[in-house]
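Notes follow once the structure below has been shown.
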Amino acid sequence: MTRTTYSWSLHCSSCSATADAAGLPTVCPDCGAPWLVRYREPPAPAAKARLAGRPWSMWRYREWLPLLESEEPVTLGEGFTPLLAAPRLGEALGLSDLWIKDESKNPTGSFKARGLSAAVTRAKLAGVPGFTVPTAGNAGVALSAYGRRAGLPVRVFAPRTTPPRILDQIRVFGADLELLDGHIGDCGRAARAHAAAAGAFDVSTLREPYRIEGKKTLGLEIAEQLGWKLPDVILYPTGGGTGLIGMWLAFDELRQAGWVTGEPPRLYSVQSTGCAPVVRAFEAGADRTEPWEDPQTIASGLRVPAPLGGPVILRALKETGGAALAVSDDALAAAERRMAQLEGVDACPEGGATLAALETLLAEGRVRPDESVVLFNTGAGWLYRRN
Ligand SMILES: *Cc1c(COP(=O)(O)O)cnc(C)c1O
């Protein structure tokens with residue numbers, strides 16, 4: 001029997017455990033913390049020249065992703081979303097170099113497509129019989145679509161309070177949808193019970209290592225779209241933190257490969273004052289998050305009271321010189337409208353939150369007017385509207 005040689009291995013984000021990439025990794029068996037993927041060597045300089053002939057999806061970066069040369073991804077064309085200049089918003093804020101990374105253009109209307117394309121790809125190659133996920137909404141839509149694309153069944157557990165159009169989209173792809181009272185943590189327990197009983201693979205945030213790898217392409221794209229230069233500041237609406245962790249890894253890998261130089265962008269986690277476990281931990285100088293009691297926010301992607309990757313998120317914020325800050329639901333909803341009406345971007349509440357937070361950072365002098373700043377619109381506003 002020949003043994004596959006993987007170009008990556010797994011390293012525990014908390015203890016010193018390591019593992020081979022074979023099979024279907026979940027979390028570190030020694031301490032229960034998430035695995036992080038580490039590649040044996042950075043992509044060669046020749047990989048950059050190959051980009052010119054590649055499709056405009058996140059898989060153009062396949063040398064940076066957990067995919068062997070002989071393997072094909074489960075894809076719907078996710079990624080390579082526009083990085084839009086935002087001159088009117090910039091002028092209103094007194095910023096000369098403001099950008100919006102518009103993730104609403106992904107298949108299924110949010111950046112969850114990236115993580116699930118990567119996770120479903122590896123799980124399908126490992127031969128799973130089906131998938132399950134607890135979701136605040138968008139991960140459920142994305143898993144439903146990518147599960148179908150892989151030809152496998154999906155069961156989604158979502159809070160009853162999830163925006164109705166998001167629930168409709170989950171049903172469109174023919175997933176089993178179970179609505180529960182409570183928040184995503186309650187849905188997580190139900191998904192784990194279903195996974196144990198039915199053998200379905202649980203793709204919960206950071207309970208498997210590959211969603212982060214898909215989200216890593218956010219950082220690779222921003223670098224390519226800015227001509228292999230990195231911005232000074234990135235504001236990211238943080239729930240489970242996969243994209244923030246993914247970008248932090250991407251910028252480090254880009255530097256190791258010699259594709260970019262200089263300091264990484266300062267990463268800012270934006271949360272809602274109704275559910276801000278990362279902000280509370282950051283302000284306390286803690287190295288882990290404590291569960292948030294009674295999480296409430298209209299930005300459903302931010303309603304994550306106990307992110308499994310809390311310690312990794314906090315490390316990324318500290319190491320890059322960023323911070324975490326919370327904005328009220330009123331402020332994020334008003335900012336969502338400003339993003340739509342000044343720049344024509346159909347922002348979701350989470351996207352609005354990044355703009356509201358930028359206003360605070362500017363008012364407090366923590367971002368300078370000449371710095372380059374990227375805001376994240378992580379999903380499509382229309383998915384959240386109730387009329
Ligand atoms: C899931 C989600 C988030 C939070 O993303 P994480 O990577 O879990 O922090 C933000 N915005 C939207 C629209 C989401 O669906």
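The values are calculated or read from the model by the stated rules, or taken from the named source; none is laboratory data. Small disclaimer: the values here were computed from a predicted structure and weren't measured. Virtual Cβ from ideal backbone geometry, glycine too; neighbours counted across all protein chains shown.
Do we have Val304 as in the same structural domain as Gly219 (by TED's automatic domain parsing), at pLDDT below 95 and buried (at least 18 other Cβ atoms within 10 Å of the Cβ) here?
Yes, satisfied.
Please identify the pairs in which a residue from segment 270-284 that is more than 13 Å from Leu314 (Cβ to Cβ) has its Cβ atom under 7 Å from the Cβ atom of a residue that is surrounded by fewer than 16 Cβ atoms within 10 Å (Cβ to Cβ) and not small (Gly, Ala, Ser), counting only partners at least 6 apart or on another chain.
Gly274/Gln296; Cys275/Gln296
Scan segment 225-240 and give yes if some residue there is farther than 14 Å from Thr354 by Cβ and surrounded by 24 or more Cβ atoms within 10 Å (Cβ to Cβ), otherwise no.
Here is the first cut: in segment 225-240, the residues farther than 14 Å from Thr354 by Cβ are 225-230, 232, 240.
Next, only the ones that are surrounded by 24 or more Cβ atoms within 10 Å (Cβ to Cβ) stay: 240.
So far as segment 225-240 goes, yes, one or more of its residues are farther than 14 Å from Thr354 by Cβ and surrounded by 24 or more Cβ atoms within 10 Å (Cβ to Cβ).
In the list Val367, Val312, which residue meets the criterion of being on the phi < 0 side of the Ramachandran plot, more than 16 Å from the ligand (Cβ to nearest atom) and surrounded by 19 or more Cβ atoms within 10 Å (Cβ to Cβ)?
Numbers: Val312 fails: more than 16 Å from the ligand (Cβ to nearest atom).
The conditions single out Val367.
Could you check Gly77 against (1) surrounded by fewer than 18 Cβ atoms within 10 Å (Cβ to Cβ); (2) out of contact with any strand residue (DSSP E or B) (no Cβ under 6 Å at 6 or more places or on another chain); (3) over 22 Å from Arg148 (Cβ atoms) and say which number it fails?
(3)
Go through segment 63-82 and give me each residue that's over 16 Å from the mean Cα position of the chain (by Cα) and of a type in the set (S, T, N, Q). Full working, then the answer.
So in segment 63-82, the residues over 16 Å from the mean Cα position of the chain (by Cα) come out as 63-64, 66-77, 82.
Those that are over 16 Å from the mean Cα position of the chain (by Cα) and of a type in the set (S, T, N, Q): Ser70, Thr75.
Return the pairs, sorted by first residue and then second, in which the second residue is loosely packed, with under 15 Cβ neighbours inside 10 Å and of a type in the set (S, T, N, Q), the first residue lies in segment 1-27 and is under 21 Å from Gly241 (Cβ atoms), the beta carbons are less than 6 Å apart, and the residues are 6+ apart or on different chains.
His11/Thr18
Under 25 Å from Val345 (Cα atoms), within 13 Å of the ligand (Cβ to nearest atom) and surrounded by fewer than 24 Cβ atoms within 10 Å (Cβ to Cβ): is that true of Ser104 in this structure?
On the way: under 25 Å from Val345 (Cα atoms): yes; within 13 Å of the ligand (Cβ to nearest atom): yes; surrounded by fewer than 24 Cβ atoms within 10 Å (Cβ to Cβ): yes.
Here the answer is yes, as Ser104 does meet what is asked.
Give segment 51-66 a look and list any residue that's free of Cβ contacts under 8 Å to residues at least 12 places away in the same chain and either out of contact with any helix residue (DSSP H, G or I) (no Cβ under 7 Å at 6 or more places or on another chain) or assigned to a helix (DSSP H, G or I) (or both), or say none.
Once the filter is applied, which keeps residues that are free of Cβ contacts under 8 Å to residues at least 12 places away in the same chain and either out of contact with any helix residue (DSSP H, G or I) (no Cβ under 7 Å at 6 or more places or on another chain) or assigned to a helix (DSSP H, G or I) (or both), segment 51-66 yields Ala52, Gly53, Arg62.
Pick from segment 125-150 the residues that are under 15 Å from the mean Cα position of the chain (by Cα) and part of a helix (DSSP H, G or I): which of them is farthest from the ligand (Cβ to nearest atom)?
Leu143
Being in contact with a Phe, Trp or Tyr (Cβ under 6 Å, 6 or more places away or on another chain) and closer than 18 Å to Leu314 by Cα narrows it down to one residue among Leu244, Leu220, Leu267; which is it?
Checking each option against the conditions leaves just Leu244.
Arg385 versus (1) under 24 Å from Ala85 (Cα atoms); (2) surrounded by fewer than 18 Cβ atoms within 10 Å (Cβ to Cβ); (3) more than 13 Å from the ligand (Cβ to nearest atom): which is the lone unmet condition?
(1)
Please go through segment 151-167 and pick out each residue that is away from the ligand (no atom under 16 Å from the Cβ), at negative phi and not hydrophobic (A, V, I, L, M, F, W, C).
Pro153, Arg155, Arg160
List the pairs whose first member sits in segment 232-243 and is more than 7 Å from the ligand (Cβ to nearest atom), whose second member is of a type in the set (Ser, Thr, Tyr) and not in a strand (DSSP E or B), and whose Cβ atoms are under 6 Å apart, counting only residues at least 6 apart or on separate chains?
Leu235/Thr354
Among the numbered criteria (1) within 15 Å of Ala195 (Cα to Cα); (2) surrounded by fewer than 24 Cβ atoms within 10 Å (Cβ to Cβ), which one does Ala126 miss?
(1)
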